[in-house]
1. So which residues in the range 91-119 are closer than 28 Å to residue 200 by Cβ, assigned to a loop (DSSP other than H, G, I, E, B) and open to solvent by less than 10 Å² (accessible area, probe 1.4 Å), if there are any at all?
2. So which residues in the range 182-220 are in contact (Cβ under 8 Å) with a residue 40 or more places away in the chain, part of a helix (DSSP H, G or I) and away from ligand 1 (no atom under 15 Å from the Cβ)?
3. Any residue at all in the range 210-231 that is surrounded by fewer than 18 Cβ atoms within 10 Å (Cβ to Cβ) and either within 14 Å of ligand 2 (Cβ to nearest atom) or under 22 Å from the mean Cα position of the chain (by Cα) (or both)?
4. Looking at the range 49-90, which of the residues that are open to solvent by 70 Å² or more (accessible area, probe 1.4 Å) and in contact (Cβ under 8 Å) with a residue 40 or more places away in the chain is nearest to ligand 1 (Cβ to nearest atom)?
5. Check residue 198 against each of (1) hydroxyl-bearing (Ser, Thr, Tyr); (2) closer than 30 Å to residue 248 by Cα; (3) buried (at least 21 other Cβ atoms within 10 Å of the Cβ); (4) more than 16 Å from ligand 2 (Cβ to nearest atom) and name the one condition it does not meet.
6. Tell me yes or no: at least one residue of the range 244-264 is of a type in the set (S, T, N, Q), at pLDDT below 95 and either more than 18 Å from residue 188 (Cα to Cα) or surrounded by fewer than 20 Cβ atoms within 10 Å (Cβ to Cβ) (or both).
7. Look at residue 13 and say whether it is away from ligand 1 (no atom under 11 Å from the Cβ) and under 16 Å from the mean Cα position of the chain (by Cα).
8. Residue check: is residue 131 open to solvent by 10 Å² or more (accessible area, probe 1.4 Å), without any contact (Cβ under 8 Å) to a residue 60 or more places away in the chain and within 12 Å of ligand 1 (Cβ to nearest atom)?
Amino acid sequence: MIGIILGTRPELIKIYPVVSFFKKKKIQYKIIHTGQHYSGNLSKIFLKDFKVLKPDYNLKIGSKSHAQQTAQMMISIEKIIRKNKFKAIIVYGDTNSALAGALVVSKYKNIKLIHLEAGLRSFDKNMPEELNRRLIDHASDILFCPTSTSKKYLISENINPKKIFVIGNTICDAIKSPLVQNQIKKDLNITFEYAVLTIHREENTENENNLKKIIEELEKFFKKTNIKIIFPVHPKTKKLLNKINYDKKNIKPIDPMNYFNFLKLIKNSKIIFSDSGGIQEEACIMKIPLITIRNSTERPETLKIGCNILSKISQKNIYLNAIKIIKRKINWRNPYGDGKASQKLYYIIKKYLKKNEPKKY
Ligand code: UD1
Ligand code: UDP
């Protein structure tokens, strides 16, 4: 039996193809949803579309301080572990849900901890996610990296190379899956030129000042290009956005979308502005230029191929970088794999679990 821990929107999306492949191969698994995301449009809409993700357990932890949230998840996860005979448990990425799972599982000697999307580094310890991903990587028994850059980082931190496998990112599998491809065939019928904006990162939402600066830069972008901005607003950002005055005709706030509609939205956009992790990968794959509004990125591959420009709010260059990047020729190659990451992961896990070796650090 394999356990799969998830809790947030990106985990639901990126774990979908993994679970689909497990199901195809008739692997026994149980899904543990921590309830970190609970709003309908951050969790329920994805569970509705990705039926294989139906949770066996929903811990309903919800929003709390980092420590409270992680600690409460850990207590509940341990109870579930004791009731089941898991050989391995998978955690994904860098959320508090993944951290909670990793901290619990790493102390159970007979359960292997598997980290998907391992080895990402922003080298910016101000980000809670950077702390989470480092702790998870160092607690894990098997580490699946999206790219060779991630593997290099892990080896430089003295993680045993025998535990590390480069398989690509499962986001490619999700986008290429028949379900998603089928659903995104039709367009959204938006009749004007537009850009897409998403903002939820702690550094941009701690108070309204940074969000205000982002909106001002986007207003400049609209004035120069006449390209309107469509803004699916994360619930956390909504409260702050309500405190800011801006022209909602040009920067249009909307509710967060389901995955199919969001992919349709970005597919026909001129440019994306975002502080998201996953959207950096999707922009590369869908061939849309991107401005990442953050101080650092854990996805340097996207900068190297020219798909993405990192734009710090303090440098007030969001608008200028956007003008620069929309003029670029789109001829980059997606660095995140061939859409077969889930398949590769399955065969590696199968072999590894057969050996039944004790944990090694
Ligand atoms: C979390 C992850 C982040 C990931 C993001 C994906 C951590 C530390 N952060 O950030 O890495 O990029 O998910 O979207 O794990 N809220 C709601 N409804 C919800 C969930 C949250 O309204 O269903 C609001 C609450 O006001 C809450 C705030 O969002 O306090 C933050 O939620 P939280 O889960 O702590 O972090 P995210 O910003 O969503
Ligand atoms: N996404 C979505 N609907 C939206 C906005 C984003 O389905 O309205 C998807 C997006 O395609 C990507 C994922 O959510 O796959 C990214 O989630 P988020 O930015 O919240 O988290 P991060 O990737 O930064 O951890």
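The values are calculated or read from the model by the stated rules, or taken from the named source; none is laboratory data. Just so you know, these numbers come straight off a predicted model, no measurement behind them. For neighbour counting, all protein chains shown are included, and Cβ atoms are generated from backbone atoms with ideal geometry for every residue, glycine included. What goes into the accessible areas is simple: the full protein's heavy atoms, side chains included, and nothing from ligands, DNA or RNA. Shrake-Rupley method; radii C 1.70, N 1.55, O 1.52, S 1.80 Å.
1. Residues satisfying the conditions are 93, 118, 119.
2. Kept after step one, since they are in contact (Cβ under 8 Å) with a residue 40 or more places away in the chain, are these residues of the range 182-220: 183-184, 186-188, 190, 193-204, 210, 213-214, 217-218, 220.
Right, trim to part of a helix (DSSP H, G or I) and you get 183, 202-204, 210, 213-214, 217-218, 220.
Result: 183, 213, 214, 217, 218, 220.
3. Looking through the range 210-231, none of the residues is surrounded by fewer than 18 Cβ atoms within 10 Å (Cβ to Cβ) and either within 14 Å of ligand 2 (Cβ to nearest atom) or under 22 Å from the mean Cα position of the chain (by Cα) (or both).
4. So the first thing to find is which residues in the range 49-90 are open to solvent by 70 Å² or more (accessible area, probe 1.4 Å), and the list is 51, 54, 56, 58, 60, 63-64, 66-68, 72, 75, 79, 82-83, 85, 87.
Pick out the ones that are also in contact (Cβ under 8 Å) with a residue 40 or more places away in the chain and you get 66, 85, 87.
Numbers: 66: 6, 85: 28, 87: 26 Å.
Ranking the qualifying residues of the range 49-90, first place goes to 66.
5. Looking at each condition in turn, residue 198 falls short on (4).
6. Filtering the range 244-264 down to residues of a type in the set (S, T, N, Q) leaves 245, 250, 258, 261.
From what's left, at pLDDT below 95: 245.
Imposing the further condition that a residue be either more than 18 Å from residue 188 (Cα to Cα) or surrounded by fewer than 20 Cβ atoms within 10 Å (Cβ to Cβ) (or both) reduces the set to 245.
Yes.
7. Values: away from ligand 1 (no atom under 11 Å from the Cβ): no; under 16 Å from the mean Cα position of the chain (by Cα): yes.
Spelling it out, it is not the case that residue 13 is away from ligand 1 (no atom under 11 Å from the Cβ) and under 16 Å from the mean Cα position of the chain (by Cα).
8. Numbers: open to solvent by 10 Å² or more (accessible area, probe 1.4 Å): yes; without any contact (Cβ under 8 Å) to a residue 60 or more places away in the chain: yes; within 12 Å of ligand 1 (Cβ to nearest atom): yes.
Considered against the rule, which asks whether it is open to solvent by 10 Å² or more (accessible area, probe 1.4 Å), without any contact (Cβ under 8 Å) to a residue 60 or more places away in the chain and within 12 Å of ligand 1 (Cβ to nearest atom), residue 131 comes out as yes.
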